[in-house]
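One structure is given below, encoded as C-alpha cells.
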Amino acid sequence: GMFSCIMNLSNTILGAGMLGLPHAFASSGYLLGSILLFVFALLSGFGLYLLANISVDHFSEKRNATFYNVATKAFPQGALVIDVAVAVKCFGVGTSYLIVVGDLLPKAFSSMGASGIITDRRFVITLLMGGIIAPLCCLKKLDALRFTS
C-alpha cells in the first residue's frame with residue numbers, strides 16, 4: 001500500500017543522491033561541499049514545505065493531491081516546465097544507475113572468473129534494460145515495485 005510506495009520513493013531519492021555525494025565532496029572540498037549540502041538541503045526542505053502547504057490548503061478535502069495538481073496550483077504557467085523537469089530528473093536517475101551498474105557488474109563477473117560477453121559493459125546494460133528495467137516500467141502501480149527495491 002502507501003507504506004511501500006513511500007519506501008520505494010525514499011529509496012529512489014536517497015540512492016541517487018548518495019551515489020553523487022562522494023564525487024561532489026571530492027570536487028569541491030569538505031568545507032564548500034558541506035556548505036553546499038546544507039544550503040541545498042534547506043532549499044529542498046523549503047520547496048517540500050511549500051508543496052505540502054498547497055496540498056493541504058487546496059486538495060485535502062478531495063484527496064486528489066497529485067504532484068501535477070499541486071505543482072500546477074503553485075506555478076500555473078509552468079506546468080510544462082515542471083513536467084519536463086520531472087522527466088529529465090527521472091531520466092538522469094535511471095541513467096546514473098545504469099552507468100554505475102554497467103561499470104561494476106562486468107568487473108564483478110570478471111573477478112568471479114567469468115569471461116566473454118558477460119563481461120562486456122554494453123551487453124550487461126542492454127541485458128538489464130531489456131530483461132529487468134523495461135518489464136518493471138510496465139507495471140500499473142508503484143506498489144508493485146516493493147519487491148524489487
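The values are calculated or read from the model by the stated rules, or taken from the named source; none is laboratory data. Note that the coordinates shown come from a computational prediction; the quantities given were computed from them, not determined experimentally. FYI the Cβ positions are ideal-geometry reconstructions off the backbone, even for glycines, and counts take in every protein chain you see. The accessibility values were calculated without ligands, DNA or RNA, using every heavy atom of the protein model including side chains. Shrake-Rupley method; radii C 1.70, N 1.55, O 1.52, S 1.80 Å.
When both residues are 6+ apart or on different chains and their Cβ atoms are under 7 Å apart, which pairs have a first residue that lies in region 47-75 and is more than 20 Å from Ala85 (Cβ to Cβ), and a second that is at pLDDT 80 or above?
That search, which allows pairs on different chains as well, returns His58/Lys73; Phe59/Asn69; Phe59/Val70.
Could you say whether any residue in region 135-147 is open to solvent by 80 Å² or more (accessible area, probe 1.4 Å) and in contact (Cβ under 8 Å) with a residue 12 or more places away in the chain?
Scanning region 135-147 turns up at least one residue that is open to solvent by 80 Å² or more (accessible area, probe 1.4 Å) and in contact (Cβ under 8 Å) with a residue 12 or more places away in the chain.
Hey, among Phe67, Phe59, which residue is open to solvent by 100 Å² or more (accessible area, probe 1.4 Å), of a type in the set (Phe, Trp, Tyr) and closer than 22 Å to Ile6 by Cα?
Going through Phe67, Phe59 in turn, the sole match is Phe67.
Go through region 83-99 and give me each residue that's of a type in the set (A, V, I, L, M) and open to solvent by less than 50 Å² (accessible area, probe 1.4 Å).
Val93, Leu98
Would you kindly identify the helices (runs of 4 or more DSSP H) lying entirely within region 43-149 that contain at least 1 residues that are at pLDDT 85 or above?
79-111, 121-128, 134-137
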